[in-house]
Amino acid sequence: MNVTLYPAIDVRGGRVVRLRQGDFERETVYGDDAVAVAESFCAQGATWIHVVDLDAAANGDPVNRSLVAAIAAGTRGRAAVQAGGGVRTAADAEALAAVGVARVVMGSAAVADPSLVDRVAGVVPVAVGLDHRSGVLAVHGWAESSGVELSDALGAYPAAAAFVITAIERDGLLAGPDIDGLAAAVAATEVPVIASGGVGSLDDLAALAAIEGLHGVITGRALYEKRFGVADAIAALAGTAP
């Protein structure tokens, strides 16, 4: 089975940005038209788009929800949208589903209350965001440690449609993903695992594709800085890159 590419669009104040290691003080702006970016990803063959509302993640205010809706509308029929950032209640998830989001990502709220995922999954598929530093989950915009071990969390969400696993120390740095940690996670759960953080080259994607059973890979900054394009990334994950 081919590994699915999830090109990432992080939005803050309506703009397309990327953060380094989740730090709002280390932001790079890549554009003002998130819908056009999403449509370009679709044109290159992406079948999923990963969207994060950074404003909602920081303060719970979904100021970019209309933009998320526009992305979903602009890619309808070509790609499905997976969206997260500030999804803290069933109502938040329902609101995203209502504007066309196919799967929501719940992080801090899911770590605080695993049963919430069971309830939300009855309305819309849920990917649980497991963001960690050295194997310990971080919450609230990665500002606090939850004290929960990643290895323990992998067994706590039977209703999850996927896990999005991010090694925070690698995120946004293009320095390579946590291959060993991701391989261990994939081996430890039946829930599909989506890798996030650290992808900087087609070789990184090929290394991820070699993890038996890995479902997907999220990449953002490498695309915006033209390390590779979406079509080349899809080929690398399929093992058909030249």
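Coordinate-derived values only; no laboratory data. Everything numeric here is computed off the predicted structure, so don't read it as measured data. When we count neighbours, we look across all protein chains shown, and the Cβ atoms used for this are built from the backbone with ideal geometry, even at glycine.
Roughly how many debye, to the nearest 20, is the charge dipole of segment 4-238 about its Cα centre, given +1 on each Lys and Arg Cβ, -1 on each Asp and Glu Cβ, and no other charges?
540 debye
Simple spin-label model, 7 Å along Cα-to-Cβ: ALA143 to GLU225 in nm?
Those two pseudo-labels are separated by 2.6 nm.
Please give the length that would be gained between ALA156 and ALA188 if that part of the chain were fully extended, namely 0.36 nm times their separation in residues minus their C-alpha to C-alpha distance (nm, one decimal).
10.3 nm
Taking the beta-carbon count within 10 Å as an exposure proxy, list HIS140, HIS132, HIS215 from fewest neighbours to most.
Fewest-to-most ranking of HIS140, HIS132, HIS215: HIS140, HIS215, HIS132.
Could you tell me whether the chain comes out rounded, prolate or oblate from its Cα gyration tensor? Rule is a ≥ b ≥ c as square roots of the eigenvalues, rounded for a/c under 1.5, then prolate if a/b exceeds b/c, otherwise oblate. Write down the numbers at each step before the final one.
Numbers: a/c = 1.31, a/b = 1.05, b/c = 1.25.
Because its axes are fairly even, with a/c under 1.5, the chain counts as rounded.
Starting from the amide H of THR4, placed 1.01 Å from N in the peptide plane, find each other amide H under 5 Å away whose residue is 5 or more places distant or on another chain.
GLY216, VAL217
Under the 0.36 nm per residue contour assumption, what length would be gained going from the current alpha-carbon distance of ASP23 and ASP232 to full extension?
Contour length minus the Cα-Cα distance gives 72.4 nm.
Could you give the length gained by full extension between SER40 and ASN59, i.e. 0.36 nm per residue of separation minus their alpha carbon distance, to one decimal place?
3.9 nm
Let me know the shape class of segment 105-173, please: from the alpha-carbon gyration tensor, a ≥ b ≥ c as square roots of the eigenvalues, rounded when a/c is under 1.5, otherwise prolate if a/b is greater than b/c, or oblate.
Taking the square roots of the gyration eigenvalues as a ≥ b ≥ c, segment 105-173 is prolate.
Once each part is reduced to its C-alpha centroid, what is the distance from segment 145-184 to segment 40-79 in angstrom?
Between the Cα centres of segment 145-184 and segment 40-79 lies a distance of 22 Å.
Please name whichever of ALA167, VAL99, HIS215 sits farthest to the positive end of the charge dipole of segment 4-238, dipole taken about the Cα centre and charges placed at Cβ: Lys and Arg +1, Asp and Glu -1.
Comparing the listed Cα positions along the dipole, VAL99 ranks first.
By DSSP, what percent of the beta bridges with both residues in segment 4-238 are antiparallel, rounded to the nearest 5?
In segment 4-238, DSSP labels about 30 percent of beta bridges as antiparallel.
Using θ = phi - 60° and the Karplus form 6.51 cos²θ - 1.76 cosθ + 1.60, what ³J(HN,Hα) does each residue of segment 108-122 get, whole Hz, x for Gly and Pro?
4, 5, 5, 5, 5, 9, x, 5, 4, 5, 4, 5, 5, 5, x
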